Amino acid sequence: MPFSHGLPGRMPGGDGNLPISNLVTESESIDQLLFQERLIACLSSFFGVLAPAPASIGLYGLLSCEVTRRTREIGIRMALGAGGARC
């Protein structure tokens, strides 16, 4: 950290023999504080975009099953002599 050289001597009331530890800029400090929130936001967005895929696959399977069952039912009714649709 190049800007930390000579800093202890410039601080009023500071001891020049004490080491400075964990010296970070304000933007680095803010980035460290917001890292977890940003990670959660990114993961939530990812799963929010990904969620419709299994939901649509499930709805397709349900609809396919219902159409297959209904097609067989309509075939049986026609074999027994049922007429066309009445509107």
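May I ask you to verify whether Leu23 is surrounded by 10 or more Cβ atoms within 10 Å (Cβ to Cβ), in a loop (DSSP other than H, G, I, E, B) and at pLDDT below 90? Yes: the conditions hold for Leu23. For the range 75-86, state whether one or more residues are loosely packed, with under 10 Cβ neighbours inside 10 Å, in a helix (DSSP H, G or I), at pLDDT 90 or above and out of contact with any helix residue (DSSP H, G or I) (no Cβ under 9 Å at 6 or more places or on another chain). No, the range 75-86 contains no residue that is loosely packed, with under 10 Cβ neighbours inside 10 Å, in a helix (DSSP H, G or I), at pLDDT 90 or above and out of contact with any helix residue (DSSP H, G or I) (no Cβ under 9 Å at 6 or more places or on another chain).
The values are calculated or read from the model by the stated rules, or taken from the named source; none is laboratory data. Note that this is a predicted model, so its numbers are computed, not measured. Glycine gets a Cβ as well: all are built from the backbone with ideal geometry, and neighbour counts include every protein chain shown.
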